[in-house]
Amino acid sequence: MQLEKQVLFLKSIGDPTRIKILHLLAAKPLHGQAIAGKLGLTPPTITHHLNKLRESGVVISRRDKNTIYFELNKKMMTQHLTSILAIMDYKEEVQEVEDKDKILKNFFSKEGRLKTIPAQRKKKLIVLEYLVEKLEVGKKYSEKEINIFIEKYHEDYATLRREFINHQLMFRDKGIYEVNPREMWLK
């Protein structure tokens, strides 16, 4: 049902004349003759386009004596556009999660060990973030504790420890390591 409404909305605004009508109505309500005059089109053509816009709910009409005025239903336009943007963001998030899962699956063995440290920056960040997320935020770790933690996943603890610092996933001060808040992590 919602999908049908979105399709109807997109079809209704998918015409240059209808976009022009919406532009005119965004400024102020107008009657059909005024719209026809401003666009240089016949009243029957304007009526056809207004009916399509009314079907989708983006244009509403009101009668004032013998004249019908049309106006943009800004609330409905906002709802439709917000829904479309939400769908796009959701798909982007889903794709991002699928990409992360694929990268982690490629770089970690079934036993959970890191096969190799990725050379590509994007993949490396995903792997590093995955590892750091296993540490407790706010807890202070000695260098030995960090080394033991990293060795569970890969033998080159010195490189991974350095990468945690370089990508601002962790903070180091006098041999004490602490996970930075996610907002500080490099993207």
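Phi angles of the stretch 105-118 translate, via the Karplus equation with coefficients 6.51, -1.76, 1.60 and θ = phi - 60°, into HN-Hα couplings of 5, 6, 9, 10, 6, 4, 7, x, 8, 6, 5, 8, 7, x Hz per residue; Gly and Pro are given as x. Under the rule of -39500 (n - 2.57) per DSSP H run of 4 or more residues, summed and divided by the residues of the chain, what mean residue ellipticity at 222 nm is obtained, to the nearest 500 deg cm²/dmol? Computed mean residue ellipticity for the chain: -19000 deg cm²/dmol. Over the Cα atoms of the stretch 15-54, each weighted equally, I'd like the Debye log10 I(q)/I(0) at q = 0.16, 0.29, 0.33, 0.36 Å⁻¹, rounded to two decimals. Log-scaled intensity ratios, in q order: -0.30, -1.09, -1.40, -1.54. Projecting the Cα atoms of W185, H80, L135 onto the dipole axis of the chain, where Lys and Arg carry +1 and Asp and Glu carry -1 at the beta carbon, places H80 farthest toward the positive end. Taken about its Cα centre, the chain carries a charge dipole of roughly 700 debye when the Cβ of each Lys and Arg holds +1 and the Cβ of each Asp and Glu holds -1.
With protein chains left intact and a 1.4 Å probe, residues in the chain average 66 Å² of accessible area per residue. Taking the 1.4 Å solvent-accessible surface of the chain as the whole, the part contributed by carbon and sulfur is 54%.
The alpha carbon radius of gyration of the stretch 1-90, expressed as a multiple of 2.2 N^0.38 Å, is 1.12. If you average the C-alpha positions of the stretch 62-83 and of the stretch 94-157 separately, how far apart do those two centres end up, in angstrom? Their Cα centres are 53 Å away from one another. Applying a threshold of 25 Å to the alpha-carbon distances of K20/K74; K5/K38; K100/K174; K105/K144; K110/K152 flags K5/K38; K100/K174; K105/K144 as lying beyond it.
The charge dipole of the stretch 7-94, taken about its Cα centre with unit charges on the Cβ of Lys, Arg, Asp and Glu (plus for the first two, minus for the last two), comes to roughly 460 debye. The amide H of H31, built 1.01 Å from its N in the peptide plane, has F70 as neighbours under 5 Å, considering only residues 5 or more places off or on other chains. Residue-normalised convex hull volume from the C-alpha trace of the chain: 188 Å³ per residue. Each Cα pair under 8 Å and six or more residues apart adds its separation to the average, and for the chain the resulting relative contact order is 14 percent. Residues whose amide H comes within less than 5 Å of that of V59, counting only those at least five positions distant or on another chain, are R54, N73 (H built at 1.01 Å from N in the peptide plane).
The values are calculated or read from the model by the stated rules, or taken from the named source; none is laboratory data. Every value quoted in this text rests on a predicted model; they were computed, and no experiment measured them. Virtual Cβ from ideal backbone geometry, glycine too; neighbours counted across all protein chains shown. We work out accessible area using only protein heavy atoms, side chains counted, and drop any ligands, DNA or RNA first. Shrake-Rupley method; radii C 1.70, N 1.55, O 1.52, S 1.80 Å.
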